Amino acid sequence: MNNQTPLQVFINKYPFLSLRVLENLCKNEPNCSKSSIGLLANNKIDDAQKAASIRQVLADKLPQFLLSQGLTNTTIDAELSAIFTDKEYKKMISARTALNKNQQRWFGFSQDPFALSPNSREEIFLSPALHNVFDRVKEAIKYQHFVAVTGPVGSGKTTLRMMLEDEVMQNPSLRLICPETFDMSKVTASAIMREMLEELGEYRLPRSPVAQAKKLKQVIAEKSATQRISLLFDEVHRLNEFTLPTLKNFWEMLREGFSRYLGIVLLGQPQFETELIKMPEIKERLELIKMPKFEDSAIAYLDHRLKLVGGNMRELFDDEALDIIASQSATPLALGNIANSALLVAFTEEEKVIDGSILQSEAGIKAGFGRKTSQVLKMKKAG
């Protein structure tokens, strides 16, 4: 199960999906036979151009089909963003659903509950499952392991990074180097070495990559006497095909006997897992950690966010409304949009309590709730 590609996981997740259904959805398109889609799902198409062609057809055809099956825009965005790249799939929802000042006052909020950026660890919602992920990555930094954390857009990877950076700031024996760039596809081994050396206080750098590598090993060995040093890369699914083996080489090279000098933490979207399938020599050395499924903690997260702005979840939402919201919320980002959409429906109806009937009213249906939402909720409960 762990070796399944994101496309396989997606097909297996929904009863109405199969290779035959996808073939019919893409009929009359080149290369889109049942067998070809099956090979794509198993990452067994050697022809990169053919694979890209099928992926693009699926990315174009699936959104409307999924809407017809009762999935909401936010759920579709979360599912398809885990399978396709940003260039292949254009999100159905590009902007966050926000509450203006009048709407915030109507519900007694000090501000929009989902516009807050945490100012401290106490303001971060930490489910038991997310706490476990944090502990595992913290241990990887402490003991300089090679790990990757994957999760869809809005699943909490940025929050995880903030917590890790805060943890390192509180512990002078730990050091986290986070190279930043606007174009991850152009990151090179030499650029990484320069960044690390400068971060460690070395600004007069050798010209040749070989000399840089030797210098880096010398410097990092000296620093390791007092600090555990780790390298963190975000948006790792955007890295070019040469950089990942380079990072693996850094991890293996920067050691002496049984003493390791460098840990590596990678954060990225689930399509990174597909890249790993093509690189067994890296997959065997890398500990893959997946961000936890969010649905089980969605209501607790909503309660937490509302309390931060002076709201009371149980006074604002009835159980049916909470079930509807939680059933659609694959990520914290999705829940924020969905909950605010529900609040906007109530504001439009001049109501201060959101119940299931409001979300299934004409205004609720226009906002993406109602009949289709009920179908999805029944399907998930049946599953």
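The values are calculated or read from the model by the stated rules, or taken from the named source; none is laboratory data. The model shown is predicted, which means the values in this text are computed figures rather than measured ones. Cβ coordinates were reconstructed from backbone atoms using ideal geometry, including for glycine residues, and neighbour counts include every protein chain displayed. We work out accessible area using only protein heavy atoms, side chains counted, and drop any ligands, DNA or RNA first. Shrake-Rupley method; radii C 1.70, N 1.55, O 1.52, S 1.80 Å.
Annotations
- Checking each residue in the range 104-126 for being in a loop (DSSP other than H, G, I, E, B) and over 12 Å from MET163 (Cβ atoms) picks out PHE107, GLY108, PHE109, SER110, GLN111, ASP112, PRO113, PHE114, ALA115, LEU116, SER117, ASN119.
- The selection criterion, being at pLDDT 90 or above and touching a Lys or Arg at 6+ places or on another chain (Cβ under 8 Å), does not hold for ALA321.
- Remark: pairs (first residue in the range 204-215, closer than 14 Å to ASN249 by Cβ and open to solvent by less than 40 Å² (accessible area, probe 1.4 Å); second residue in a helix (DSSP H, G or I) and modelled with pLDDT of 80 or more; Cβ separation under 6 Å; 6+ apart in sequence or on different chains) = GLN212/MET193.
- Scanning the range 166-200 for residues that are modelled with pLDDT of 85 or more and either surrounded by fewer than 13 Cβ atoms within 10 Å (Cβ to Cβ) or at positive phi (or both) turns up MET169, GLN170, PRO172, SER173, GLU198.
- Some residue of the range 236-250 being surrounded by fewer than 14 Cβ atoms within 10 Å (Cβ to Cβ) and over 30 Å from ASP86 (Cβ atoms): no
- Being at positive phi and either out of contact with any Cys (no Cβ under 9 Å at 6 or more places or on another chain) or open to solvent by less than 30 Å² (accessible area, probe 1.4 Å) (or both) is a property that GLN144 has.
- Test: residue in the range 96-111 that is of a type outside the set (A, V, I, L, M) and within 30 Å of ASN240 (Cβ to Cβ): no
- Pick from the range 274-298, criterion closer than 24 Å to PRO128 by Cα and part of a helix (DSSP H, G or I), ranking: least open to solvent (accessible area, probe 1.4 Å): ALA298
- Selection status of ILE220, more than 29 Å from the chain's Cα centre (by Cα), of a type outside the set (Phe, Trp, Tyr) and either over 28 Å from GLN4 (Cα atoms) or in a strand (DSSP E or B) (or both): yes
- Of residues in the range 14-31 being among the charged types (D, E, K, R) and touching a residue at least 12 places away in the same chain (Cβ under 8 Å), the one farthest from ILE54 (Cα to Cα): ARG20
- Verdict on SER327 being within 30 Å of LYS91 (Cα to Cα), in contact with a Leu (Cβ under 7 Å, 6 or more places away or on another chain) and hydroxyl-bearing (Ser, Thr, Tyr): yes
- Residue that is surrounded by the fewest Cβ atoms within 10 Å (Cβ to Cβ), among those in the range 328-355 that are at pLDDT below 85 and part of a helix (DSSP H, G or I): LEU333
- Looking only at residues of the range 147-165 that are hydroxyl-bearing (Ser, Thr, Tyr) and not in a loop (DSSP other than H, G, I, E, B), we find that the one that is surrounded by the fewest Cβ atoms within 10 Å (Cβ to Cβ) is THR158.
- Within the range 88-107, the residues that satisfy the criterion of being at pLDDT 80 or above and exposed (fewer than 14 other Cβ atoms within 10 Å of the Cβ) are ASN100, LYS101, ASN102, ARG105.
- Candidate set from the range 108-125 (those that are crowded, with 17+ Cβ neighbours inside 10 Å and under 17 Å from THR331 (Cβ atoms)); member that is farthest from the chain's Cα centre (by Cα): PRO113
- Qualifying residue in the range 304-317 (condition: of a type in the set (Val, Ile, Thr), at pLDDT 90 or above and under 30 Å from LYS44 (Cβ atoms)): no
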